[in-house]
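Derivation of every value follows stated rules applied to the coordinates shown; laboratory data play no part. Since the structure is predicted, the reported quantities are computational estimates derived from the model, not experimental observations. When we count neighbours, we look across all protein chains shown, and the Cβ atoms used for this are built from the backbone with ideal geometry, even at glycine.
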Amino acid sequence: MEPVVAVIGATGAVGDVFLRVAEQREFPMKQLKLLASPRSVGKQLTFRGQQITVEDTTERTLERADIIFCSASSAVSKQWGPWARAHNAVMIDDGSAYRMDADVPLVVPEVNGDDLEWHKGIVSIPNCTTTPLAMALNAMRQVAPLKRVTAASYQAVTGTGAAAAAELQAQLEAIGRHEPIPAPVVYPVQIAGNVLPQVDDFDEDDYTKEELKMRNETRKILHLDDLPFAATCVRVPVMLCHSEAVHVEFTAEAPIPRIIDALRSQAGVEVSADPKVYMTPLQAAGDDTVYVSRIRRDPTVEFGIVFWVVTDNLRKGAATNAIQIAEEMLRRGLVPGVSKP
Ligand SMILES: NC(=O)c1ccc[n+]([C@@H]2O[C@H](COP(=O)([O-])OP(=O)(O)OC[C@H]3O[C@@H](n4cnc5c(N)ncnc54)[C@H](OP(=O)(O)O)[C@@H]3O)[C@@H](O)[C@H]2O)c1
C-alpha cells in the first residue's frame, strides 16, 4: 500500500527541491498534498508532469495523510507535530523544533537508521551542516575512536531559505549594474562580497544556535553524548552547497589510507584520495553525495587529521535525507497504517 503524503512548506527552498527529489527517486505515494501558508493558496506546482494546487495547512488539508514532510518553521512544526502523533501519521521534520527531544529520533539513514525503530510519530532530520559531518565522522570512527572535533563551516545562502537566495541575487545584480545595493533584510549586513561569522542567533557561551546545533546533533546521531566539539559557522556569498573544514583528533593511530578506505565504505560518501584534488560547492550542487577531500595529517596533535567536506544543503542536507528516512520507514513497516511494500 502506498502512503498519502502531505508537504508543509511546498513553496519554499526545501519544498521545491523535495518535489524534484521525490520525482527522481520515484517515491511511492497514493496522493500528494502540497501545503503552505495562506499566502500561497492557489499557486500551481508541477509534480510528475501534473499541476497541483497549493492549499493552506489545516486539519482538513492534512486529513488522511500518512506521512507529513514539514519544511516550514519551528512554529509550524510545533503546531502540526502533536496533530500528526494524535492522528496516527508520521511527521518527518526538517526544522530544529524536535531534534533534541529524547523521544524523537534524529536520523541520517546511512548512519543511524536503526533509531527509526523507536519513533513515536515524529522523526527529525539534522541541520544541513550536521548531516555530512556525521556521515564522514561515522566512517572515520570505524578506524579509531573520536577524541575531539573542531569545525568551521562555509554555508550557502539557500540554507537560510528562498528569501535569502533572492537577497544575494539582488545584491549581485546591483553590483553588476553599478547601482546602489539594496539594503539587507534577511541578513544583518550585506552578504554579497562578504562573509558573516554568524549563522542563526547567539546562544549560550557566545556560540550561535547553529554552532550548538552542529555539536549537539552530531553527538545525538553518533550516540557520543560527551564528544568534545567546537564549531564556527560562517555564512558565505555562495548560492548552494555548504562546505566545512574539519579537524578530528582520535584516541589512537588512524592512518590516512585506512581513513580513505573507511570513507569509501560509507554509503553516500565519495572521497578524494589525492590531497590536491578537491570538490567545490559549484561542483557538488545538484546531487546527493557527501564529498570528502583534502585529507591530511594534523601535526598539532598526536593522532589527528584535517579534511574538507562539501554537500548540497537542499538535497542531502534537507530534502533527500527526509525522503530517504521515509523510504527506510516504509521498508521497515514503520509508518502506521501503511503495510510493508
Ligand atoms: N534551506 C536549507 O538548506 C535547509 C536545510 C535543512 C533544514 N531546513 C529547514 O527546512 C525548513 C524550511 O526551510 P526553507 O529553506 O525551505 O525555507 P523557505 O524557503 O523560507 O520556505 C518556508 C516554507 O514554509 C512555508 N510556511 C511559512 N509559514 C507557514 C505556515 N504558517 N503554515 C504553513 N507553511 C508555512 C512557506 O510558505 P509560503 O510560501 O506560503 O510563505 C514556505 O513554503 C526550515 O525549518 C529550515 O530550518 C532548511
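Some points to look at:
- FRET efficiency estimate (nearest 0.05) - Cβ-Cβ, SER339 to LEU172, R0 45 angstrom: 0.35
- Shape parameters for segment 258-297, alpha-carbon atoms, Rg then Dmax in Å: 10.2, 30
- Binned Cα-Cα distance frequencies in segment 89-175 - 10 Å width, integer %: 14, 33, 31, 16, 5, 0
- Violating pairs (Cα-Cα greater than 21 angstrom) within the set LYS120/LYS209; LYS120/LYS340; LYS120/LYS316; LYS33/LYS213: LYS120/LYS209; LYS120/LYS316; LYS33/LYS213
- Dividing the summed helix terms, -39500 (n - 2.57) for each DSSP H run of n ≥ 4, by the number of residues in the chain produces a 222 nm estimate of -8500 deg cm²/dmol to the nearest 500.
- Over segment 207-254, the ratio between the Cα radius of gyration and 2.2 N^0.38 Å evaluates to 1.34.
- Using the alpha carbons alone, the radius of gyration of segment 75-140 stands to its Kirkwood radius in an Rg to Rh ratio of 1.00.
- The LYS147 and GLU26 beta-carbon pair, evaluated with R₀ = 45 Å, returns a calculated FRET efficiency of approximately 0.60.
- Normalised alpha carbon radius of gyration of segment 225-327 [divisor 2.2 N^0.38 Å]: 1.14
- With eigenvalues of the C-alpha gyration tensor scaled by 5 and rooted, segment 167-291, Å: 33, 22, 11
- Annotation note: trypsin sites (Lys or Arg not before Pro) in segment 174-221 located in DSSP loop regions with a Cβ neighbour count of at most 10 within 10 Å are ARG177.
- Against the compact-protein benchmark of 2.2 N^0.38 Å, the Cα-based radius of gyration of the chain scales to 1.00.
- For segment 216-245 and segment 251-277, distance of Cα centres in Å: 19
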